[in-house]
Amino acid sequence: MWRDNLRGIYYIALKDMRTYYLKPPSVSWGIVFPIAWILAFYLRNPQKFEELVPGLIAMTILFSTTAAEAVVINFELRLGSLERLLLAPISLPAVLFGKVLGGAIFGLMMILIVTTESVVVLGLTPNLLYLILIIIPSLL
């Protein structure tokens, strides 16, 4: 039973990644949105920017991942595929965890984009503690 649930979680997350998150509009939004946040705060105050990077990463994840997940659920309700998922022989928590896992993977990709942009473009030094404190809560 638990193997079926794990397999279901994997395939639901994979389906969401292929169907929704890896489409060109989502990928471009995932690149442009963090750049806009970084530039907005960097142009305002370049000296204090290094202190703002963890907060910018958290805000990027909050706005982009939750917005994308809401769109995924609405599309599936409209297309009727959510009903088919609920009728599948896996538990409801497994379906929900698969949906959340797809969004979490998208959020981790966003973290990598923001961190890479901050290090490469702006020359900030990555602090391992900041990265750990950001990555772990984003998975929860």
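List the helices (runs of 4 or more DSSP H) inside region 1-113, counting only whole elements, that have at least 1 residues being in contact with an Asp or Glu (Cβ under 8 Å, 6 or more places away or on another chain).
24-44, 49-79, 81-87
Of all residues being surrounded by 13 or more Cβ atoms within 10 Å (Cβ to Cβ) and without any contact (Cβ under 8 Å) to a residue 40 or more places away in the chain in region 76-87, which is farthest from M1 (Cα to Cα)? Just the residue, please.
E76
Report, by residue number, each residue of region 48-64 that is buried (at least 20 other Cβ atoms within 10 Å of the Cβ), farther than 20 Å from G123 by Cα and either among the aliphatic types (A, V, I, L, M) or in contact (Cβ under 8 Å) with a residue 60 or more places away in the chain (or both).
Within region 48-64, just I61 meets the criteria.
Checking N45 against (1) within 12 Å of the chain's Cα centre (by Cα); (2) of a type outside the set (F, W, Y); (3) under 21 Å from G123 (Cα atoms), only one condition comes out false. Which one?
So the condition that N45 fails would be (1).
Out of the residues in region 88-120 that are without any contact (Cβ under 8 Å) to a residue 40 or more places away in the chain and more than 17 Å from Y10 (Cα to Cα), which is surrounded by the fewest Cβ atoms within 10 Å (Cβ to Cβ)?
Checked region 88-120; the qualifying residue surrounded by the fewest Cβ atoms within 10 Å (Cβ to Cβ) is V120.
May I ask you to verify whether I113 is at pLDDT below 70, under 23 Å from V72 (Cα atoms) and among the aliphatic types (A, V, I, L, M)?
no
The values are calculated or read from the model by the stated rules, or taken from the named source; none is laboratory data. Quantities reported herein were computed from a predicted structural model and do not represent experimental measurements. Virtual Cβ from ideal backbone geometry, glycine too; neighbours counted across all protein chains shown.
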